[in-house]
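Every number in this text was worked out from the coordinates using simple rules, so none of it is lab data. Worth saying up front: this structure is predicted, and the values here are computed from it rather than measured. Ideal geometry is used to build each Cβ from the backbone, glycine not excepted, and the neighbour counts take in all protein chains shown.
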Amino acid sequence: MKTDPILYRSDGTQEVVMPANKKIFTEPELKTLIGGAPAKIFISACKIIVVNTDGASDGSLLNVRATAIVQSNGNIGEPVYGNALVCLSKFIQ
């Protein structure tokens, strides 16, 4: 299982990212990474995807990869717009 936090950008690129303190992402860090107010969705017992709650309404692009991750884990809901962070729940407060 991949354990590094990965930022999936809506332009299709991705990057491994780490919290500044190497332990937990702060709220401001999450806002900067995803471009807005964070919403957390559990995608497994120990993994979370953090998305921008206003991504669909603020003009962010559809994030095809993040949407596929959410939907492949049995979550049925809105598509993901903007950047999304996938990580173990231990990285999120």
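Could you check which residue among Gly35, Gly82, Gly59 shows the biggest mean-square fluctuation in a GNM of the chain with a 10 Å Cα cutoff? Largest GNM mean-square fluctuation: Gly59.
Here is how the number arises for the chain: DSSP H runs of 4 or more residues each give -39500 (n - 2.57), the sum is divided by the residue count, and the result at 222 nm is -5000 deg cm²/dmol.
A viscosity of 0.692 mPa s and a temperature of 37 °C, combined with the Kirkwood radius over C-alpha pairs in the Stokes-Einstein formula, give the chain a diffusion coefficient of 254 µm²/s.
Ranked by the mean number of other Cβ atoms within 10 Å of their residues, highest first, the peptides 70-78, 40-48, 6-14 come out as 6-14, 40-48, 70-78. Using R₀ = 25 Å, calculate the FRET efficiency as 1/(1 + (r/R₀)^6) where r is the Cβ-Cβ separation of Leu62 and Gln14; round to 0.05. It comes to 0.95. Straightening the chain between Glu27 and Ala39 buys 3.2 nm, computed as 0.36 nm per residue apart minus the Cα-Cα spacing. Charged neighbours of Ser60, selected by a Cβ distance under 11 Å, balance to -2 (K, R count +1; D, E count -1).
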